[in-house]
Structures are given as C-alpha cells and as structure tokens.
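Below is one structure, written out as structure tokens; the observations come after it.
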Amino acid sequence: MNKLKKITGARLFLPIVCLIAVLLINVIKTPDFFNVSIQNGVLYGYIIDVINRASELVILAVGMTLVTAASGGQDISVGAVMAVAAAVCCQILSGGEVSVTEYQNSIIIAVIAALLAAALCGAFNGFLVAKLKIQPMVATLILYTAGRGIAQLVTNGQITYIRVESYQMAGGYIGKLPIPTPVFFAIATVLIVYLILKKTALGLYIESVGINGKAARLVGLNSTMIKFLTYVICGVLAGIAGIVASSRIYSADANNIGLNLEMDAILAVALGGNFLGGGKFSLIGSVIGAYTIQALTTTLYAMNVKADQLPVYKAIVVIVIVTLQSETFRKFIAGLKSKKASGTPAAEGGQK
C-alpha cells in the first residue's frame, strides 16, 4: 500500500498517466494511429508526426519552465520572439531579397544574429520583470503585442523565402536519416539544459528564488540576476524554436510562425505537474506535457475534428487534466476518503 502511494504521489505520475490516456484513446478511435511505415527512406505515421511536430513546443516548454519556476509568472511573448528570430535569420540569408535559391550571407552569421535578437528580447522581458518588478504576464505582453510587428519591420512586411536545401534540413531531414531533424533539436535542448541544471547549482538557485525571493537574497543569492537569466535563456530557446519552425516552411512568415504556441507552452508546464506560482519544477514533466498536448492535437485531427473546433475539444481535455493535477482537488478527494474511512469503524462499533 505504501509503495502504491509512493508511486501515485510521484511528480511525474499524473503527467505520464495523462499522456498514456490520450494515446490509449487512439486504440479505440483510430487503430492505425500507432502504425509506422517507411516511405522513400523516411518514417511516416501519426506517432511520428506527434514526435516531430512537438519539437518546437518542447524547446519552448523548457524555457517556460525555468521562467515560471524563478518568477512565478509566464512569458507570453515566446511565439512572437520565434517570429523575430526567424525574420532576422532569413533576412540576413536573403540579403533583403524576397526569395533566394542560394545564401547571400553566411548561415553561421545569420543564426548567431537570430539568437542574439532572441536573447535581446529575453533580456528586455527579464529587465522589466526582475529589475522593474513588473508582473511577468504584463511585462511580456509588450513583446507579445509588438514582436510580430518588429518581425514585419525586419522583413519589410513580406514573407522571405530561403529556397536552399541545406536550410530546410533543420526542419526536415538530414541525409538518409529516417527521423525528422527537429526531434534532434528538441533532444539536444532538453539534454543540455538538464545537464546544466544538474551539474551546476543553477537549478537549486532557480527553485530557491521561486519559493522565496527575499529569503534567497538573505543567503546571498542575487534573485534579480537569476530571474533575468531565466528570461534570457527562455528568449534564446524561443529563437532556436523559431529557426526550426522557419526551416520547416523555408521562409520567415511573421504572422504565423509560433502563433499561439506560447499558450501551449504554458499548458505543457502545467500538465507537467509544475506549480505556475513558481518554486520547484520538473523539466521532464514539462517535456511530457508538451508531447501530451501535441498527441491530443494530432488525435483530434485524426478523428476528423475541424481546425476551428479544435480549441474547444482541446480546452475541455486540458481542464480535466489540470483539475486532476490540482492540489485543491487532491485535498478534496483525500478529505472524502478520510471521512469515509473514519465513518466505517463507527458504523461497525454501533453494530457491535
């Protein structure tokens, strides 16, 4: 019994159960969901699509987890930052042209510039939140609103196309590898951030600042710098996701790259069992949450749910999952169980 309680009480228990539940629905509704085939040396199937399409969301969820843990708020500008990074990268590669078939400038310079632009966006958000003490959602609302406009200014209001095969590899396939390249970007991001958090004290510092910023300052931690750093990291990761998303469509589309992904990133953090008020966090939980959301989206498409109806079904399922993970709901259920347990002996005693 104690072993069962230990398993069910684990932080990753509910996120894993939720992911499995979403996947099991397909066993009944869409039996071919788990079918995987190889066509022209490339893996195809619904499950491959889930793993592939979730890559950008996984990258964003990692950054959102750190921001949430440190500041007790969310960065709602990550989708717009993706668009900014994509715009900067494509504009440098195209040399200002609308469409090119070969690079006009070095791809290394373009990628570095894109990541620097994304880091600058993160630094702007971090300054407002950490230094000026502005509420995270209000502070990041600025770039959420203006970010796509900045991307449009960078590309002169046009969609910039990079029709170069090597650029499309980041969002497609490399050589004869059957696995989509974005999957490797997601894996690399998770591993690098995970190792940094585990091999250094950064993870502990972030949790300490998130739990009690004042107490963290008293023991010598620079709460302002730690919060600021998490927003910069979040910005850089959004930049990486933006480049991958741009590579998928070999262009910089400021209106659509990263659109509404910030909401899915926040949901991924919540579904991963993380407290949105800050403090302790689970990076792996957020990754599982990201795959759960993408699995849900792909499942609904497989059931022929129309795109405009998708948010309704998605919202219902998410509400159920988040409710099950709510601490208040758990206490309520535990209270019912304790009342039932305490009532049983009394009834037996009366009969005697």
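Of the residues 257, 243, which single one is in contact with a Cys (Cβ under 6 Å, 6 or more places away or on another chain), under 21 Å from residue 49 (Cα atoms), open to solvent by less than 30 Å² (accessible area, probe 1.4 Å) and not acidic (Asp, Glu)? Walk me through it before giving the result.
Working: 257 fails: in contact with a Cys (Cβ under 6 Å, 6 or more places away or on another chain).
Result of the check over 257, 243: 243.
Checked against (1) modelled with pLDDT under 90; (2) crowded, with 19+ Cβ neighbours inside 10 Å; (3) hydroxyl-bearing (Ser, Thr, Tyr), residue 230 passes all but condition (1). Here the stretch 117-126 is the region considered, the condition is being within 18 Å of the chain's Cα centre (by Cα) and among the hydrophobic types (A, V, I, L, M, F, W, C), and the residue that is surrounded by the fewest Cβ atoms within 10 Å (Cβ to Cβ) is 119.
Taking helices (runs of 4 or more DSSP H) that do not extend beyond the stretch 74-177, which have at least 2 residues that are under 26 Å from residue 210 (Cβ atoms)? Before the answer, list the steps.
On the way: elements: 78-94, 107-126, 136-154, 165-168.
Hits in the stretch 74-177: 78-94, 107-126, 136-154.
Screening residue 113 against (1) without any contact (Cβ under 8 Å) to a residue 12 or more places away in the chain; (2) among the hydrophobic types (A, V, I, L, M, F, W, C); (3) under 28 Å from residue 195 (Cβ atoms) leaves a single unmet condition, (1). No other residue among 161, 103, 173 is within 27 Å of residue 284 (Cα to Cα), of a type in the set (Ser, Thr, Tyr) and open to solvent by 20 Å² or more (accessible area, probe 1.4 Å) apart from 173.
Is it the case that residue 129 is buried (at least 16 other Cβ atoms within 10 Å of the Cβ), in contact (Cβ under 8 Å) with a residue 12 or more places away in the chain and farther than 20 Å from residue 81 by Cα? No: the conditions fail for residue 129.
Only one entry in 192, 187, 226, 243 is within 14 Å of residue 281 (Cβ to Cβ) and either assigned to a helix (DSSP H, G or I) or in contact with a strand residue (DSSP E or B) (Cβ under 9 Å, 6 or more places away or on another chain) (or both), namely 226. The single residue among 7, 38, 20 that is free of Cβ contacts under 8 Å to residues at least 60 places away in the same chain, among the β-branched types (Val, Ile, Thr) and either more than 20 Å from residue 294 (Cα to Cα) or crowded, with 16+ Cβ neighbours inside 10 Å (or both) turns out to be 7.
Inspect the stretch 264-286 for any residue being part of a helix (DSSP H, G or I), aromatic (Phe, Trp, Tyr) and modelled with pLDDT of 90 or more and give the result as yes or no.
No, the conditions are met nowhere in the stretch 264-286.
The values are calculated or read from the model by the stated rules, or taken from the named source; none is laboratory data. It should be emphasised that the depicted structure is a prediction, and the values quoted were computed from it without experimental measurement. Cβ atoms come from the backbone with ideal geometry, glycine included; neighbour counts cover every protein chain shown. Just so you know, the surface numbers come from the protein's heavy atoms only, side chains and all, with ligands and any DNA or RNA stripped out. Shrake-Rupley method; radii C 1.70, N 1.55, O 1.52, S 1.80 Å.
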